[in-house]
1. Tally the residues that are part of a strand (DSSP E or B) and free of Cβ contacts under 8 Å to residues at least 60 places away in the same chain, restricting the search to the stretch 307-347.
2. Taking into account only those residues within the stretch 132-149 that are touching a Ser or Thr at 6+ places or on another chain (Cβ under 6 Å) and not in a loop (DSSP other than H, G, I, E, B), which is farthest from LEU248 (Cα to Cα)?
3. Considering only the stretch 144-158, I want to know if a residue exists there that is at pLDDT 90 or above, more than 30 Å from GLY403 (Cβ to Cβ) and surrounded by fewer than 20 Cβ atoms within 10 Å (Cβ to Cβ).
4. Report, by residue number, each residue of the stretch 178-203 that is of a type in the set (S, T, N, Q) and closer than 22 Å to PRO234 by Cβ.
5. Picking from ASP129, ASP179, ASP167, ASP190, which residue would you name as being of a type outside the set (Val, Ile, Thr) and more than 23 Å from ARG253 (Cα to Cα)?
6. Where residues in the stretch 199-226 are out of contact with any Leu (no Cβ under 7 Å at 6 or more places or on another chain) and closer than 15 Å to ASP152 by Cβ, which of them is surrounded by the most Cβ atoms within 10 Å (Cβ to Cβ)?
7. Which condition number in (1) touching a Gly at 6+ places or on another chain (Cβ under 7 Å); (2) surrounded by fewer than 17 Cβ atoms within 10 Å (Cβ to Cβ); (3) not basic (Lys, Arg) is the one that TRP314 fails?
8. When residues of the stretch 161-173 are filtered for being crowded, with 22+ Cβ neighbours inside 10 Å and not small (Gly, Ala, Ser), how many remain?
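The values are calculated or read from the model by the stated rules, or taken from the named source; none is laboratory data. What you are looking at is a predicted structure, and each value in this text was computed from that prediction instead of being measured. All Cβ positions, even for glycine, are placed from backbone atoms using ideal geometry, and neighbour counts span all protein chains on display.
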Amino acid sequence: MFTDRYRSIPAGTGAQRGLSLVEIMVGMLIAMIGVVIIFQMLATSEERKRTVSSGSDTQVSGIVGMTTLERDIREAGYGFSSAAFDNAATPVMGCTVNAYDSARPAAIRAYTFTLTPIQIVQGASGASDTIIVLRGNGSTFPAAHVFTESSDTTKKTRGRAGLAPRDYALIARNSPTVDCMIVEITEVNDDYGNCTACVDGVSIQHKQGSYSFPVYLPDGTTPVQTRIARYNNPAPPIAFTNGFIFNLGNGARRNIWQVTANNRLQVTNDLLYLDVNPADGTNDAVEVTEGVVNMQAEYGIDANNNGQIETTEWTTTNPATAAAWANVLAVRVAILLRSGQYERTTVTTAIPTWSGSATSPLTVTNLDGTASGTTPADPTMNWRNYRYRVYESVIPLRNILWGSNIRP
């Protein structure tokens, strides 16, 4: 006896099992569309992530660069700020400073620069400006010392308070049209038998060769150290009779701020020559930040003496006299940064601007260094495929402002 379980099923009448070819193709199509959408979302997400990350890096670079530069400029003129005023005894701002550094290559050991708290060297054809900041770091009140007698190695002052061995001293006469000189103080007493002239209690020495000085340590001990005078010219170019001594401390700096060809903001201390690689024969610079493509700066000169800087009183022209320097109340600086992320579409259609664009416009270049041009439709202008940020600041020259009340 047979049951239904063993009954044969006629051909063509059985139930269909599995998916048809059409259904499989439709499923594959839907899956492929889903994969494409997912990958597009991932690509868009990664692109946005890179853009945001690059923008964050640019912001950090801009803040670091501007903060460091601003801090340096605020100290400009420290130690010689009274030299800017033409109504008292020391109108020497603008004199040509004769300096010497035995650590430099022989051909440039003796060099000169202009005595100014800050100097803006305009870049050619819109290129980045160079900003030069001169400042001391003396720990005493920054008034000038009067000296009444002089030799090639000594100066007799009315009082030498605050002057110490190793300090930079700016020696000047009472005229900005006469050269001045930087020396290294080697003795203010005759504690080590090196300066018999110093026993008078008012003379200082700035000789060649070695000298000794005490070092005051936290534990209360004062060991004596010896060093070779580095900044005293063996053939002084100026013979002084009387004048003024400005104490710049033992860590004076003449910082030269520049933007390099590879978009680095760097600073070089011109008063402290340091060449780790003597083969290149250049003073080593310190890189402060990256991504900077342009830097512009202007003086704020209170020409009408109303205590304010008017819109028309911002200028790129260097003050020509000591009296003009007394009216420089501030500088304004802008740095332009470019992100490192290349965007496939145009994201910048115009060159960024800043408050001083009327007289000192910012400029950008393409990645190969060619000019940016002004035609956004030009496909070769790849500067348009990057994002930019402008950081600017108005920085008061507080030492010049205070210098009017400092007298020898």
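1. Applying the first criterion (part of a strand (DSSP E or B)) to the stretch 307-347 yields 314-315, 328-338.
Subsequent filtering for residues that are free of Cβ contacts under 8 Å to residues at least 60 places away in the same chain retains 314-315, 334, 336.
The total comes to 4.
2. First, the residues of the stretch 132-149 that are touching a Ser or Thr at 6+ places or on another chain (Cβ under 6 Å): 144-145, 147.
Checking the rest, the ones that are also not in a loop (DSSP other than H, G, I, E, B) come to 145, 147.
Numbers: HIS145: 12, PHE147: 16 Å.
The residue in question is PHE147.
3. Among the residues of the stretch 144-158, not one is at pLDDT 90 or above, more than 30 Å from GLY403 (Cβ to Cβ) and surrounded by fewer than 20 Cβ atoms within 10 Å (Cβ to Cβ), which makes the answer no.
4. First, pick out the residues of the stretch 178-203 that are of a type in the set (S, T, N, Q): 186, 189, 194, 196, 203.
Listed by number, the residues that qualify are THR186, ASN194, THR196, SER203.
5. Numbers: ASP129 fails: more than 23 Å from ARG253 (Cα to Cα); ASP179 fails: more than 23 Å from ARG253 (Cα to Cα); ASP167 fails: more than 23 Å from ARG253 (Cα to Cα).
Being of a type outside the set (Val, Ile, Thr) and more than 23 Å from ARG253 (Cα to Cα) holds for just one of ASP129, ASP179, ASP167, ASP190, which is ASP190.
6. Of everything passing the filter in the stretch 199-226, HIS206 is surrounded by the most Cβ atoms within 10 Å (Cβ to Cβ).
7. (2)
8. As a first pass, look at the stretch 161-173 and keep what is crowded, with 22+ Cβ neighbours inside 10 Å: 165, 167-172.
Of the ones still in play, those that are also not small (Gly, Ala, Ser) are 165, 167-168, 170-171.
Residues in the stretch 161-173 being crowded, with 22+ Cβ neighbours inside 10 Å and not small (Gly, Ala, Ser): 5 in total.
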